[in-house]
Amino acid sequence: MYSFEQLKVFITVCEFGSFSAAARKLNRAQSGVSQAIANLEVAINQDLFNRDKNTPVLTDNGHALLPIAKSILNEQQYFDQKVEALTKEYEHELVIAIDESLIDEALLKSITPLADQFPITNFEIITAATFDVEALVRQGKAHVGIVYADGELKVDMDFFLLGQARFLTIASPKHVLATLPVVQDADLKRYRQCVHRSAKQKELWFSYGISSMMWYASTHQTLVQLVQQGIGWANVPELIIKNELKQGCVTALPVAHEHDGWLTPVGCLVSRRLAGGPVLTRVIDTLQQYSFIDEHWQLK
């Protein structure tokens, strides 16, 4: 029967490219790494590596088994973390990371009671771009992340859907695009676009740049301000421009392919790297009681 330790060695060899590199990473002798792989191959009756050359090369069967091995170790780590969480008292710190455009008074009001329920816990709320929030959760720097969801399965963190957000294409009322009865893709491509981009220069999958002229910003609020200055047009969440729309500071463009704006899922990521406890459980329960519908948070 194979062991979790053998699977860990197998994955490490694949990630670092050789038995010697894996041995250095695992702080083990190279012979121990080679023996672990050999024992795993015997246990499952499969050749995982071709050893004809100096550098081991994954066999077809090895390629097929690698993602399953990673999944097994992820689940084992998750199990260990849950066991640890069940034996812990209240956490002393809990970090919630939120996409900067999704935080509002209703969301903060929903988690305010946690201050009285867990007085010894220090809460930290971080606002960042969706990609940066996901990275914080993945790296174990945040327990919970609220993001625009891309539908991709996250094998290293848990996820649940919170609702959906509406994005509108906006421009200054004085912009040429605001004078058109219908705005086509070709019209948008002709004029400068203000694009949201994370700290690592990643763009959201539904509001990426299509124009040949770009200005970038890491917050949607900055995009709104750029649009108000007449720099260009942008895709932004309806949540953050309600007042600007009422005041006529910006206008929603009648884009041909999105008459009522673009709806995208909003979801919650939960770290598997950080061991949770009663406080995290209550935070998740609180968030699950609320949903994000179109442009605001509300109780389900």
Starting from region 218-229, keep only residues that are assigned by TED's automatic domain parsing to the domain that holds Cys194 and touching a residue at least 24 places away in the same chain (Cβ under 8 Å), then list their pairs with residues that are of a type in the set (Gly, Ala, Ser) and surrounded by fewer than 16 Cβ atoms within 10 Å (Cβ to Cβ) whose Cβ atoms are within a distance under 9 Å, requiring at least 6 positions of separation or different chains. Ser218/Ala199
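Quick one: is Gly267 out of contact with any Pro (no Cβ under 9 Å at 6 or more places or on another chain), of a type outside the set (Asp, Glu) and in a loop (DSSP other than H, G, I, E, B)? Full working, then the answer.
Values: out of contact with any Pro (no Cβ under 9 Å at 6 or more places or on another chain): yes; of a type outside the set (Asp, Glu): yes; in a loop (DSSP other than H, G, I, E, B): no.
Answer is no for this residue.
If I ask for residues that are more than 30 Å from Gly232 (Cα to Cα) and not basic (Lys, Arg), which ones from region 153-174 would you list? It would help to see each step written out before you state the result.
We begin by selecting, within region 153-174, every residue more than 30 Å from Gly232 (Cα to Cα); these are 153-162.
Hits for region 153-174 are Leu153, Val155, Asp156, Met157, Asp158, Phe159, Phe160, Leu161, Leu162.
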Just the residues that are closer than 18 Å to Ser3 by Cα and of a type in the set (Lys, Arg), please, taken from region 27-71. Arg28, Lys70
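Conditions (1) in a strand (DSSP E or B); (2) closer than 19 Å to Val250 by Cβ; (3) of a type in the set (A, V, I, L, M, F, W, C), marked per residue:
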residue	(1), (2), (3)
Glu91	no, no, no
Asp116	no, no, no
Ile120	no, no, yes
Lys154	no, no, no
Gly163	yes, no, no
Arg166	yes, yes, no
If you go through region 35-60, how many residues are of a type in the set (S, T, N, Q) and part of a helix (DSSP H, G or I)? 2
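Go through Val236, Val195, Val283 for me and flag whichever is modelled with pLDDT of 90 or more, in contact with a strand residue (DSSP E or B) (Cβ under 8 Å, 6 or more places away or on another chain) and not in a strand (DSSP E or B). Before the answer, list the steps.
Numbers: Val236 fails: not in a strand (DSSP E or B); Val195 fails: not in a strand (DSSP E or B).
Criteria check complete, one pass: Val283.
For every residue, the table says whether it meets (1) touching a strand residue (DSSP E or B) at 6+ places or on another chain (Cβ under 8 Å); (2) exposed (fewer than 13 other Cβ atoms within 10 Å of the Cβ).
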{"residue": "Val144", "(1), (2)": "yes, no"}
{"residue": "Tyr148", "(1), (2)": "yes, no"}
{"residue": "Phe159", "(1), (2)": "yes, no"}
{"residue": "Gly163", "(1), (2)": "yes, no"}
{"residue": "Phe167", "(1), (2)": "yes, no"}
{"residue": "Thr179", "(1), (2)": "no, yes"}
{"residue": "Glu203", "(1), (2)": "yes, no"}
{"residue": "Trp215", "(1), (2)": "yes, no"}
{"residue": "Gln225", "(1), (2)": "no, no"}
Got a sec? Which of Ala85, Ala36, Ala22, Ala69 is surrounded by 15 or more Cβ atoms within 10 Å (Cβ to Cβ), over 30 Å from Ile125 (Cα atoms) and modelled with pLDDT under 90? Ala22
Conditions (1) in a helix (DSSP H, G or I); (2) crowded, with 16+ Cβ neighbours inside 10 Å; (3) free of Cβ contacts under 8 Å to residues at least 40 places away in the same chain; (4) not hydrophobic (A, V, I, L, M, F, W, C): number failed by Asn243: (2)
Which condition from (1) more than 28 Å from Met157 (Cα to Cα); (2) surrounded by fewer than 15 Cβ atoms within 10 Å (Cβ to Cβ); (3) modelled with pLDDT of 90 or more is the one that His63 breaks? (1)
Take region 1-34 and flag every residue that is in a helix (DSSP H, G or I) and either in contact (Cβ under 8 Å) with a residue 40 or more places away in the chain or at positive phi (or both). Phe4, Leu7, Lys8, Phe10, Ile11, Val13, Cys14
Residue under evaluation Ser71, criteria (1) farther than 27 Å from Val195 by Cα; (2) among the small types (Gly, Ala, Ser); (3) assigned by TED's automatic domain parsing to the domain that holds Val250; (4) in a helix (DSSP H, G or I), criterion not met: (3)
Taking region 177-187, which residues are farther than 15 Å from His259 by Cβ and either in contact with a Phe, Trp or Tyr (Cβ under 7 Å, 6 or more places away or on another chain) or in a strand (DSSP E or B) (or both)? Leu177
What pairs come out if I take residues in region 38-49 that are more than 13 Å from Gly62 (Cβ to Cβ) and pair them with residues that are surrounded by 14 or more Cβ atoms within 10 Å (Cβ to Cβ) and at pLDDT below 90 whose C-beta lies under 6 Å away, six or more apart or interchain? Ala43/Tyr2
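The values are calculated or read from the model by the stated rules, or taken from the named source; none is laboratory data. Here the structure is a predicted model, which means the values were calculated and not measured. Reconstructed Cβ throughout: ideal geometry from the backbone, glycine too, with neighbour counts over all protein chains shown.
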